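The values are calculated or read from the model by the stated rules, or taken from the named source; none is laboratory data. Predicted model, so just to flag it, every value in this text is computed and none were measured. FYI the Cβ positions are ideal-geometry reconstructions off the backbone, even for glycines, and counts take in every protein chain you see. Each accessible area value is taken on the protein alone, full model and side chains, heavy atoms only, with ligands, DNA and RNA left out. Shrake-Rupley method; radii C 1.70, N 1.55, O 1.52, S 1.80 Å.
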Amino acid sequence: MTTDPFFHPISGFELPRYAGVPSFMRLPLLPPEHERFKEVEIGIAGVPWDSGTTNRPGPRHGPRQLRDASTMIRAEHPVTGLRPFETKACADLGDVGPNPADILDSMERITAFYGKLVRNGTRPLTAGGDHLTSLPVLRALAREEPLGMVHFDSHTDLYNSYFGGTMYTHGTPFRRAVEEGLLDPKRVVQIGIRGSMYDREDRDFAAANGIRIVPIEEFHARGVADVMAEARDIVGSEPCYVSYDIDFVDPTFAPGTGTPEVGGPNSYQALQVVRELDGLDIAGADLVEVSPPFDASGGTAFLGVSIMFELLCAMIGSKAAA
């Protein structure tokens with residue numbers, strides 16, 4: 001199947017990649033108000049928001065840097081030969097406008113934006129933003145039934161609260177998502193978890209609710225293929241979400257993030273894990289926590305958009321795209 005050429009990216013053979021106004025992967029910019037939005041099957045959206053950050057801010061600037069870096073993405077997957085933009089109608093949907101002074105209002109705005117996508121039948125690929133971004137997105141996607149989730153991260157994001165009662169931070173989104181019935185915890189797997197800990201509250205919550213945690217030591221000992229085979233078994237054939245925190249990757253390869261943890265995967269393994277998602281029913285995905293203030297070379301952002309391209313290909317190769 002070949003999509004309408006209107007939805008194809010601008011080729012670097014037609015316009016130099018450093019020229020023109022950047023959009024995600026050089027796709028047409030079609031916000032939900034656009035007359036052709038109804039045709040979009042997979043939409044890439046930015047959420048420039050980091051009000052959930054508790055340490056080093058900066059991911060609010062991530063979508064802009066990721067867009068710019070994404071002009072280097074080309075039309076064909078180098079391994080599978082998939083040409084995603086000829087298979088599904090994809091577009092840049094623009095950014096969700098947050099309220100930087102109000103976390104709850106921002107989450108309502110994000111959920112409302114993604115509700116438009118759900119009603120249109122458009123599956124979202126999100127560029128964050130800090131990891132709290134995932135919660136309001138899930139509120140839109142999982143309104144009817146809970147989703148499974150494959151979560152790549154160095155942190156569980158399962159804490160209950162910060163600073164004596166703050167319930168919404170980038171360390172709490174998946175605790176809230178389980179409590180709100182947005183995620184089926186027995187179909188959630190968290191891969192790459194590592195680093196020093198405050199306590200075991202998050203691990204205890206995971207154990208009590210059936211969430212599978214694959215710590216980094218186990219990931220390295222078993223290898224990508226074995227770990228991801230288990231991940232596919234856990235998620236199963238029902239719809240799932242994929243959330244990818246760039247700090248899953250070792251900071252040698254991705255220093256531009258707010259809470260780096262040493263000992264992680266290299267940049268090739270960062271792509272491999274996503275390639276192993278093929279066959280899952282992926283309702284939506286995100287790439288979060290790219291922080292341009294800590295990404296002087298731009299290498300973290302380019303790795304981030306390379307991961308987003310892999311996520312896009314996994315979404316197209318999934319059962320939901322059939």
Mind listing just one residue for me: the one in the range 225-262 that is free of Cβ contacts under 8 Å to residues at least 40 places away in the same chain, open to solvent by 60 Å² or more (accessible area, probe 1.4 Å) and not β-branched (V, I, T) and, of those, farthest from S306 (Cα to Cα)?
-> D233
Say whether the condition of being over 17 Å from H77 (Cβ atoms), surrounded by fewer than 24 Cβ atoms within 10 Å (Cβ to Cβ) and under 12 Å from the mean Cα position of the chain (by Cα) is met by at least one residue in the range 281-297.
-> yes
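Can you find a residue that is open to solvent by less than 30 Å² (accessible area, probe 1.4 Å) and at positive phi anywhere in the range 72-80?
So in the range 72-80, the residues open to solvent by less than 30 Å² (accessible area, probe 1.4 Å) come out as 73, 77.
Going one step further and asking which of them are at positive phi, we end up with none.
No; the residues of the range 72-80 include none that is open to solvent by less than 30 Å² (accessible area, probe 1.4 Å) and at positive phi.
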Scan of the range 7-17 for residues that are assigned to a loop (DSSP other than H, G, I, E, B), of a type outside the set (G, A, S) and within 24 Å of A45 (Cβ to Cβ), ordered by number | H8, P9, I10, L15, R17
Of these, G20, G52, G62, G46, which one is at positive phi and either open to solvent by 50 Å² or more (accessible area, probe 1.4 Å) or within 18 Å of the chain's Cα centre (by Cα) (or both)?
-> G20
Matching residues in the range 191-211 - criterion: being under 16 Å from S154 (Cα atoms) and crowded, with 17+ Cβ neighbours inside 10 Å = I191, G192, I193, R194, D202, A206, I211
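Would a scan of the range 275-286 turn up a residue that is touching a residue at least 40 places away in the same chain (Cβ under 8 Å), assigned to a loop (DSSP other than H, G, I, E, B), closer than 27 Å to P48 by Cβ and out of contact with any Cys (no Cβ under 8 Å at 6 or more places or on another chain)? Explain how you work it out, then say what you get.
As a first pass, look at the range 275-286 and keep what is touching a residue at least 40 places away in the same chain (Cβ under 8 Å): 275-286.
Keeping just the survivors that are assigned to a loop (DSSP other than H, G, I, E, B) gives 276-281.
With the extra rule that they be closer than 27 Å to P48 by Cβ, the set shrinks to 277.
If we keep only those that are out of contact with any Cys (no Cβ under 8 Å at 6 or more places or on another chain) too, we end up with 277.
Looking for residues that are touching a residue at least 40 places away in the same chain (Cβ under 8 Å), assigned to a loop (DSSP other than H, G, I, E, B), closer than 27 Å to P48 by Cβ and out of contact with any Cys (no Cβ under 8 Å at 6 or more places or on another chain), one finds at least one in the range 275-286, hence yes.
Table: residues versus (1) over 15 Å from P48 (Cβ atoms); (2) of a type in the set (G, A, S); (3) open to solvent by 50 Å² or more (accessible area, probe 1.4 Å).
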position: P98; (1), (2), (3): no, no, no
position: A101; (1), (2), (3): no, yes, yes
position: S106; (1), (2), (3): no, yes, no
position: F113; (1), (2), (3): no, no, no
position: K116; (1), (2), (3): yes, no, yes
position: T122; (1), (2), (3): yes, no, no
position: T126; (1), (2), (3): no, no, no
position: D130; (1), (2), (3): no, no, no
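Only one of these is within 28 Å of R194 (Cβ to Cβ) and either assigned to a helix (DSSP H, G or I) or within 19 Å of the chain's Cα centre (by Cα) (or both): L138, L117, L93, L104. Name it.
Details: L117 fails: within 28 Å of R194 (Cβ to Cβ); L93 fails: within 28 Å of R194 (Cβ to Cβ); L104 fails: within 28 Å of R194 (Cβ to Cβ).
Within the list L138, L117, L93, L104, the selection yields L138.
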